[in-house]
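Peer 1: My structure is below; once you've seen it, I'll send some questions.
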Amino acid sequence: MTATTPIFARVALDVPIAPWFDYLVPDELADSLRARDWVLVPWGRGRRVGLVLEVGGQPEHAAEKIRPIASLIGAAPRPDPAWLELVEFAARYYHRHRGEIALPALPRLLRTPPSARARGCAFERARARAIAAPATDAGQTIPSVDDEVVQLNADQQSALDALIAARGFTVHLLHGITGSGKTEVYLRWIAHLLERDHQAQVLMLVPEIALTPQLAQRVGARFPGLEVAVLHSGLGEADRAARWIAAADGRARLVIGTRLAVLAPLPALAAIVVDEEHDPSFRQQEGVHYSARDLAVVAASLRAIPVVLGSATPALESWFSAQRGRYQVLSLPERATGAVLPVLRIVDARGAPGPAGLTEAARTAMAGALERGEQALVFINRRGFAPVLSCQSCGWLSQCPDCSAYRVLHRSGARSRGGARYLLQCHHCGAASTVPRACPECGNIDLQPLGAGTQRIEQELIALFPGARIGRLDRDVASRRGAAEKVLDSFHAGTLDIVVGTQMLAKGHDFQRLSLVVVLDADAGLYAADFRAPERLFSTLTQVSGRAGRAAPGLAPRGEVIVQTRYPEHPLFAALQAHDFRGFADALLAERREAGLPPFRYLALLRAEAAELDEALAFLAAARGLATADDVAGSEIMVFDPVPMPMARIAGRARAQLLVDSPSRQQLHHFVDAWLAQLGGLETRVRWQLEIDPNEI
Ligand code: ADP
Ligand code: ZN
Ligand code: ZN
């Protein structure tokens, strides 16, 4: 008998300290273990789930004395090579380790090592659950014209033809106004793809909003019997695991999901749809900050498959790529039902606001709509009762002691059960406190709420339009299970006359009886510090306006939108009124070029967090010193000065940032690699993170 030479495996773990960890391959796995297998490995005194990157190399990164792999998770589907390539790309691009990308891509139940008491394997349980109850997600029934399949119009048809003709890697930008029938085009294309290849899987990414049930229902009606997996954060853990495995096993042919779904390993992926591609929720804001839209394009290129990005207001990055000929534009310039876009009125709101924040013009329009039996939507992007509580006699404001923000006044008790209760809640750290009976500074008992949020507007609307049935939708409502769906269903069904709400109402919904949209206080984004604020505002206002007057001309009147602002002469509103995305986008691009901002330059942002602002700034100054010494940063790299973040303190921690930019993406990444290696050597108690292509600066 000869002693066998040990075989080692490189295993990726969700641990930031090394790119992989070396383990010994036990004899019983020597023949079977492959790259991309999921394994259970010892880690400290516990165990972890890991992904095998390579079998057979020499050890380089052992966490401790090299120990053997505990077991192979045989029931876990081995992802295909293209998936690992995507993980590798993301790791390189965002300068993180593969394990930090790959492991969070597993649902929590599947990436948690089994406890000693656990019976059976989590993957097996999830698979059994998925097979027992194939997810088709047919929810409540929402009446929609396209339940009987409609005839595509000429623009939709040529968009569809272009998509069907696409072979290999192509990126199409489907630029279609609100209600132009983009979803109809996706569904036809998907039907075609699934028919052409009976194994094929299609991934459809959607923003993180209350939209998935409606879409899933529409899909269920269109593809009866098709196994559809819906992946989003509102699911329970067991459902999430079951749907994930249905997708990863290749059984689910259509996968509809929010940003995380871009990392689901889909063995037979044939095409990707990114709906509302401009939406900020495609950006992951915890852990590795990736853009799911960007990764979707990379995934498509790695697999040589087509991807379509759809929006009424494409992201400037996408618009610019189209102008440079990298993406093909498909235009849907008309509404599919034949409805025309709503008339938009910009109303000067500089005077004192009337009840419910409505100007005279808005109130008259609402009364008219209600009289005619039409529905109205009031949009205000601020939840709670009032953004701040104040003392008129000494100037005290309800500042959050731990954040650079005010605590927001919320009504917590039910309105109907007499005597609402209130509390003060911070929207940044989440802390809440009772409302003081008297001013903590001067004892004045007459504390006043300043400004209005959704709850206050709702309350005042009830007083203003006593006969009307009024609903509200915001994150507070949506946090109660089923509550958001209930409001949306009632509004669809016509048992509500008015809804007031935030962003959640703005996107995607196809309300057939809504004729009037009123936007209160459109100004929040106009003069914000962040360079993307105008782009976001234009897109939000376009989306919310697009809810009005969607039904066919015979069925409903032309929609009307009233936008209240204190800056009516701002050019953004002229473009909005003219429904001129192109003009607006081209003007913004010119500004960005002038100012040296994306998509003309590439950004990386180093964020630091510490107990004291000075500490965070000192760390960033040291980091800046490293970058500028020895020419680490070449001439093409600009390293700015450290500054406090716009929200300088959250939950008692001070936050600061340092911006780096370059006209060359490649040089930026070269620089960041070298810089990160140096930063790793800095002794510091400061928590820091580097972000590529930051969403906000
Ligand atoms: P978008 O995704 O662009 O907002 P949708 O696909 O939701 O648009 O379509 C908007 C509305 O128009 C829906 O009610 C849909 O049923 C309807 N619709 C779509 N295509 C057509 C068509 N070719 N003819 C008539 N109605 C259509
Ligand atoms: Zn006071
Ligand atoms: Zn706070």
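The values are calculated or read from the model by the stated rules, or taken from the named source; none is laboratory data. As the structure is a prediction and not an experimental result, all values here were calculated from the model. All Cβ positions, even for glycine, are placed from backbone atoms using ideal geometry, and neighbour counts span all protein chains on display. Keep in mind that these areas ignore ligands, DNA and RNA; they rest on the heavy atoms of the full protein, side chains included. Shrake-Rupley method; radii C 1.70, N 1.55, O 1.52, S 1.80 Å.
Peer 1: Would you mind working out the magnitude of the charge dipole of the stretch 263-385 relative to its Cα centre, with +1 at each Lys and Arg C-beta and -1 at each Asp and Glu C-beta, to the nearest 20 Debye?
Peer 2: Using Cβ point charges on Lys, Arg, Asp and Glu, the stretch 263-385 gives about 140 debye.
Peer 1: Under 16 Å between alpha carbons, and skipping anything fewer than 8 positions from LYS182 in its own chain: which aspartates and glutamates qualify?
Peer 2: ASP146, ASP147, ASP155, ASP161, ASP275, GLU276, GLU277, ASP279, GLU334, ASP510
Peer 1: What accessible area, in Å² to the nearest ten, does a 1.4 Å probe give for ARG10?
Peer 2: 40
Peer 1: Then there's this: Once amide H atoms are built 1.01 Å from N in the peptide plane, which residues 5 or more positions from LEU269, or in another chain, come under 5 Å H to H?
Peer 2: Counting only residues 5 or more places away or on other chains, the set is GLN201.
Peer 1: Relative contact order for the chain: what is it in percent, counting Cα pairs under 8 Å that are at least 6 residues apart?
Peer 2: 11
Peer 1: Largest first, how would MET638, MET647, MET366 line up by accessible area (1.4 Å probe)?
Peer 2: Result of the area sort, largest leading: MET638, MET647, MET366.
Peer 1: Considering the options LEU576, LEU358, ALA116, tell which one lies farthest towards the positive end of the dipole of the chain, charges being +1 on Lys and Arg and -1 on Asp and Glu at the Cβ, about the Cα centre.
Peer 2: The one lying farthest along the dipole's positive direction is ALA116.
Peer 1: Which whole-Hz couplings ³J(HN,Hα) result when phi for each residue of the stretch 360-376 is put into the Karplus expression 6.51 cos²θ - 1.76 cosθ + 1.60, θ = phi - 60°, listed in order with x for Gly and Pro?
Peer 2: So the Karplus estimates, Gly and Pro as x, are 3, 4, 5, 5, 4, 5, 5, 4, x, 4, 5, 4, 7, x, 9, 9, 10 Hz.
Peer 1: Now a separate question. Taking the 0 to 90 degree range and rounding to the nearest ten, how far is the long axis of helix 81-93 tilted relative to the main principal axis of the chain, both from C-alpha atoms?
Peer 2: 70
Peer 1: Next question, about the same structure. Which ³J(HN,Hα) values in Hz, rounded to whole numbers, follow from the phi angles of the stretch 557-572 under the Karplus curve 6.51 cos²θ - 1.76 cosθ + 1.60, where θ = phi - 60° and Gly and Pro get x?
Peer 2: Result, rounded to whole Hz: x, 5, x, 9, 10, 10, 10, 8, 8, 8, 10, x, 8, 4, x, 4.
Peer 1: A follow-up question, please. Where nothing but the Cβ of Lys and Arg (+1) and of Asp and Glu (-1) is charged, how large is the charge dipole of the stretch 434-564 around its Cα centre, in debye to the nearest 20?
Peer 2: So the dipole magnitude of the stretch 434-564 works out to roughly 460 debye.
Peer 1: Round to the nearest 10 and give me the degree value, 0 to 90, for the angle of helix 533-545's Cα axis relative to the longest principal axis of the chain.
Peer 2: Once rounded, the angle reads 60 degrees.
Peer 1: Got a sec? What order do HIS509, HIS61 fall in by accessible area at 1.4 Å, biggest, i.e. largest, first?
Peer 2: Ranking HIS509, HIS61 by accessible area, largest first, yields HIS61, HIS509.
Peer 1: Right, another one. Between helix 483-493 and the chain, what is the angle of the helix's C-alpha long axis to the longest principal axis, kept within 0 to 90° and rounded to the nearest 10?
Peer 2: 50
Peer 1: Rolling a 1.4 angstrom probe over the protein heavy atoms, how many square angstrom per residue are accessible across the stretch 530-574?
Peer 2: 34
Peer 1: For GLY494, what residues show an amide H to amide H distance below 5 Å, using hydrogens built from the backbone and excluding near sequence neighbours?
Peer 2: Under 5 Å from the amide H of GLY494: no residue qualifies.
Peer 1: To the nearest 10 square angstrom, what accessible area does THR495 show with a 1.4 Å probe?
Peer 2: 70
Peer 1: Let me ask something else about it. Please list, in chain and number order, the residues 5+ apart from VAL519 or on another chain whose amide H is under 5 Å from its amide H, with Hs placed from the backbone.
Peer 2: Those lying under 5 Å, H to H, from VAL519 are PHE379, ILE562, VAL563, GLN564.
Peer 1: Just reorder LEU309, LEU235 by solvent-accessible area, largest first, 1.4 Å probe, all chains present.
Peer 2: So, going from the largest accessible area down, we get LEU235, LEU309.
Peer 1: Right, something else. In the full protein assembly as shown, how much of TYR422 is accessible to a 1.4 Å probe, in Å² to the nearest 10?
Peer 2: Only protein atoms counted, so the area is about 80 Å².
Peer 1: Quick check for you: with a 1.4 Å probe and neighbouring chains kept, what is the accessible area per residue of the stretch 431-528, in Å²?
Peer 2: Accessible area per residue: 44 Å².
Peer 1: Moving to a separate point now. Among the aspartates and glutamates, select those whose C-alpha is under 12 Å from the C-alpha of LYS65, and discard any that sit fewer than 8 residues away in the same chain.
Peer 2: Reachable aspartates and glutamates: ASP22.
Peer 1: Turning to a different aspect of this structure: Kindly give Rg over Rh for the chain, based on alpha-carbon atoms, with the Kirkwood expression for the hydrodynamic radius.
Peer 2: 0.98
Peer 1: Report the extension gain between ARG345 and ALA116 in nm, rounded to one decimal, defined as 0.36 nm multiplied by the number of residues separating them, less their alpha carbon distance.
Peer 2: Separation in residues times 0.36 nm, less the Cα-Cα distance, equals 76.0 nm.
Peer 1: Here's something else I'd like to know. Under a crude label model (7 Å from the Cα following the beta-carbon direction), how far is THR434 from ALA590 in nanometres?
Peer 2: Label-label distance for THR434 and ALA590, simple model: 5.9 nm.
Peer 1: Can you compute 3J(HN,Hα) from phi for each residue in the stretch 181-189, using the Karplus curve 6.51 cos²θ - 1.76 cosθ + 1.60 with θ = phi - 60°, rounded to whole Hz and x for Gly and Pro?
Peer 2: x, 5, 4, 4, 5, 4, 5, 5, 5
Peer 1: In Å and on Cα atoms, what radius of gyration and Dmax does the stretch 351-400 show?
Peer 2: Cα-based Rg and Dmax for the stretch 351-400 come out at 15.8, 48 Å.
Peer 1: Give me the percent of accessible area attributable to carbon and sulfur for the chain, probe 1.4 angstrom.
Peer 2: So the carbon and sulfur contribution to the accessible surface is 52 percent.
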